[in-house]
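> Mind looking over this structure? Questions follow.
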Amino acid sequence: MSITPQAASARNREICQLAPIIPVLVVHDVSHARPLAEALVRGGLPVLEVTLRTPVALDVIREMAKVEGGVVGAGTLVTPDDVAAAVNAGAQFGVSPGATDLLLDTCEDIGLPLLAGAASASEAMRLLERGYDMLKFFPAEASGGVPTLKAVGAPLPQISFCPTGGVSPSNAASYLSLPNVVCAGGSWVAPSDLVNSGQWGKIEALARAASQLGL
Ligand code: 3PG
């Protein structure tokens, strides 16, 4: 079933409002998927972005989608094949670093709410023209970070963002204090050394701290 840009944005806004931080996950071992997702959800971060950067990413989405309380999305969607594969694996939303008409057409046709990336006023305005008012701001820090988002928010207050890329515990609260930021994405809550060594308790603690940011 297809989805309009307006409905996709509304759904993504709801998803982004579930927690201040969306963990950006790079998972190399399918057996890590369930315990990792469970630790993050237990820690208060129910929205998970699995990046399609490893050969097992789709299986990871499949496993994580079974975790109660989780909302699992697929990141780094670039091609129509990525979109189809993500939906087949059970992704509830998609994330892309930018946006192309082909990618937007594909996500709308297949019914996947896409959190499309923008890094400039023109990119954001183009997506707004199409009906998207909930966007990813990427790469956040490299694109000017908090001052840029604050400046963009003055003339374009109707667009909300999920900044991702360089967001950390030290700057996340500043992003979250902006009226045009709903949540932020970051990889620090699931560092590869802790994931690879199965230290789920430590990841849960990182998630719990992140879940309190911006409150
Ligand atoms: C990424 O590209 O991996 C995401 O934007 C996360 O970036 P981060 O590692 O800076 O949080």
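> What nm distance separates the two modelled labels at T79 and Q17, each placed 7 Å from Cα along Cα→Cβ?
About 3.7 nm, to one decimal.
> Oh, and also: What list of whole percents do you get for P(r) of the chain, with Cα-Cα distances grouped in 10 Å bins up to the one holding the largest distance?
All Cα pairs considered, the percentages come to 9, 38, 37, 15, 1.
> Give the distance, in whole Å, between the Cα centre of region 111-142 and the Cα centre of region 53-90.
Each part's Cα centre sits 21 Å from the other's.
> If you take the Cα atoms of region 4-66, find Rg, then find the Kirkwood Rh from the mean of 1/r over all pairs, what is Rg/Rh?
When Rh is taken as the Kirkwood radius, the ratio is 1.01.
> What order, most packed first, do the peptides 57-67, 15-25, 149-159 have when packing is the mean number of other Cβ atoms within 10 Å of each residue?
Descending packing order for the listed peptides: 15-25, 57-67, 149-159.
> Under a Cβ-Cβ limit of 4.7 Å, which cysteines in the chain have nobody to pair with?
Here C107, C162 come out as lacking a disulfide-compatible partner, given the Cβ-Cβ threshold of under 4.7 Å.
> Determine, from the Cβ-Cβ distance of Q6 and S197 and an R0 of 45 Å, the FRET efficiency 1/(1 + (r/R0)^6), rounded to the nearest 0.05.
0.55
> Pull up all non-local amide H partners of V47: gap of 5 or more, or a different chain, and H-to-H distance under 5 Å with H placed in the peptide plane.
Distant-sequence amide H within range of V47: V71.
> State, to one decimal in nm, how far the label point of S170 lies from the label point of A209, with both points 7 Å from Cα in the Cβ direction.
Result: 1.3 nm between the two label points.
> Still on this structure, please answer the following. So what does log10 I(q)/I(0) come out to for region 131-181 at q = 0.13, 0.16, 0.22 Å⁻¹, using the Debye formula with one equal point on every Cα and no solvent?
Values, matching the q order: -0.25, -0.38, -0.71.
> Right, another one. Quick one: accessible area per residue over the chain, 1.4 Å probe, rounded to a whole number of Å²?
Accessible surface, normalised per residue, equals 42 Å².
> Give me the one-decimal nm value for the distance between modelled label points at S122 and E68, 7 Å along each residue's Cα-to-Cβ direction.
5.1
> Apply the Karplus curve 6.51 cos²θ - 1.76 cosθ + 1.60, θ = phi - 60°, to the phi angles in region 191-196 and return the couplings in whole Hz, x for Gly and Pro.
x, 4, 5, 6, 5, 5
> Please list 2-9, 203-210, 39-46 highest first by mean number of surrounding beta-carbon atoms within 10 Å per residue.
39-46, 203-210, 2-9
> Determine the equivalent ellipsoid of region 77-168 by diagonalising the alpha-carbon gyration tensor, then write out the semi-axes as square roots of 5 times the eigenvalues, largest first, rounded to whole Å.
24, 14, 10
> Still on this structure: How much of the accessible area of region 5-207, in percent, comes from carbon and sulfur atoms when a 1.4 Å probe is used?
55
> To continue, here is another question. Mind ranking 112-119, 184-191 by how tightly packed they are, going by the mean number of other C-beta atoms within 10 angstrom, highest first?
So the peptides 112-119, 184-191, ranked by packing, come out 112-119, 184-191.
The values are calculated or read from the model by the stated rules, or taken from the named source; none is laboratory data. Everything quoted here is computed from the prediction, not taken from an experiment. Cβ coordinates were reconstructed from backbone atoms using ideal geometry, including for glycine residues, and neighbour counts include every protein chain displayed. All accessible areas refer to the heavy atoms of the entire protein, side chains included, with ligands and DNA or RNA removed. Shrake-Rupley method; radii C 1.70, N 1.55, O 1.52, S 1.80 Å.
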